[in-house]
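The block underneath contains the structure these notes are about, expressed in structure tokens.
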Amino acid sequence: MKLTLGISPCPNDTFIFDAMVNKKIDTEGLSFKLVVNDVEKLNILALQHALDITKLSYHAYAHVISHYLLLDAGSALGKNCGPLFITKPEKQKSDFKGLSIAIPGKYTTANFLLSMAFPLITNKVEMLFSDIENAIVHDKVDAGVIIHENRFTYQEKGLVKIMDLGAYWATETGLPIPLGGIAIKRSIPAEIARKVNRMVRRSVEYALAHPAASRDFVRCHAQEMDEIVRNQHIQLYVNNYSVDLGEIGREAVKSLFAWARRNKLIHDTHENTFL
């Protein structure tokens, strides 16, 4: 059986899925058609129900609950590792009301957290995550929310942090921040879905046990990213929650959805969220 699988080119995803995609582990008779896209493009594809299995933002998942189930394996959660709200030094003390703020996509968890921490910000400009730093530097926007590897590079461009939105979430909830997860279509038979979850977990465990094995696959998709930054990225976003959400991870996801419902950011709910 062949299934479509969407992942981002970011090092944590390619690190996690290398063994599964390149058959370094037992795939139990399944094969995959790989689709590599920016996470917001994956979010949109999920909204269109276009992929069998996909990485997506937890915020986006809240909009496709009726069509997808969350896997326990493959997620990106952590403490103090969330999106960063940044700007130029001279604008650091602004309240940002009415100013233009770049976001890496409407359905990203980054945008969700910005809405949570700064509810008065309404002038948002969607753009590719990797373009946000330069947009601030060249005054195309007043500030922006950066994700992925840009949290390691913004200071080199003279930009400053207003807030670590992941740290804000941790302070408010005491829980790790659910950034991205892996979802599978509800229409796929439960036996196959459980098999996929086993494979993703096995792939994460293989990657953690053999960190050098995925180097070429990670480098190929990360393109110009410095190897030190790639490794920092992996170390930050691949952890025990990537192996299995566990009780705390599930509680964090449920808390994010509960806050979103209270603040009318999402409306669709489904009792059966997890595989």
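Remarks
- Meets criteria (surrounded by fewer than 22 Cβ atoms within 10 Å (Cβ to Cβ), in contact with a Phe, Trp or Tyr (Cβ under 8 Å, 6 or more places away or on another chain) and hydroxyl-bearing (Ser, Thr, Tyr)) for THR4: yes
- Any chance ILE44 is open to solvent by less than 10 Å² (accessible area, probe 1.4 Å) and among the β-branched types (Val, Ile, Thr): no
- Failed criterion for LYS55 (all others in (1) surrounded by fewer than 22 Cβ atoms within 10 Å (Cβ to Cβ); (2) of a type in the set (Lys, Arg); (3) closer than 28 Å to TYR206 by Cα hold): (1)
- Residues that are of a type in the set (A, V, I, L, M, F, W, C) and either in contact with a Phe, Trp or Tyr (Cβ under 8 Å, 6 or more places away or on another chain) or more than 24 Å from ILE184 (Cα to Cα) (or both) within region 72-89 comprise ALA76, LEU77, CYS81, LEU84, PHE85, ILE86, listed in sequence order.
- Residue that is nearest to ILE136 (Cα to Cα), among those in region 71-90 that are of a type outside the set (D, E, K, R) and open to solvent by 10 Å² or more (accessible area, probe 1.4 Å): PRO89
- TYR68 vs. criteria aromatic (Phe, Trp, Tyr), closer than 26 Å to ILE177 by Cα, in contact with a Gly (Cβ under 6 Å, 6 or more places away or on another chain) and open to solvent by less than 10 Å² (accessible area, probe 1.4 Å): no
- Test: THR153 is of a type in the set (Ser, Thr, Tyr) and surrounded by fewer than 20 Cβ atoms within 10 Å (Cβ to Cβ): yes
- On inspection, ASP216 passes the criterion of being exposed (fewer than 14 other Cβ atoms within 10 Å of the Cβ) and of a type outside the set (Lys, Arg).
- Scanning region 95-152 for residues that are of a type in the set (S, T, N, Q), farther than 19 Å from LEU47 by Cβ and in contact with a Leu (Cβ under 9 Å, 6 or more places away or on another chain) yields ASN123, ASN150.
- Condition check for GLU191: assigned to a helix (DSSP H, G or I), closer than 27 Å to MET116 by Cβ, open to solvent by 40 Å² or more (accessible area, probe 1.4 Å) and not aromatic (Phe, Trp, Tyr): no
- Among the conditions (1) assigned to a helix (DSSP H, G or I); (2) among the aliphatic types (A, V, I, L, M); (3) over 18 Å from the mean Cα position of the chain (by Cα), the only one that ILE121 does not satisfy is (1).
The values are calculated or read from the model by the stated rules, or taken from the named source; none is laboratory data. Everything numeric here is computed off the predicted structure, so don't read it as measured data. Every residue, glycine among them, receives a Cβ derived from its backbone with ideal geometry; neighbour counts consider all protein chains shown. Surface accessibility is based on the protein's heavy atoms, side chains included, excluding ligands, DNA and RNA. Shrake-Rupley method; radii C 1.70, N 1.55, O 1.52, S 1.80 Å.
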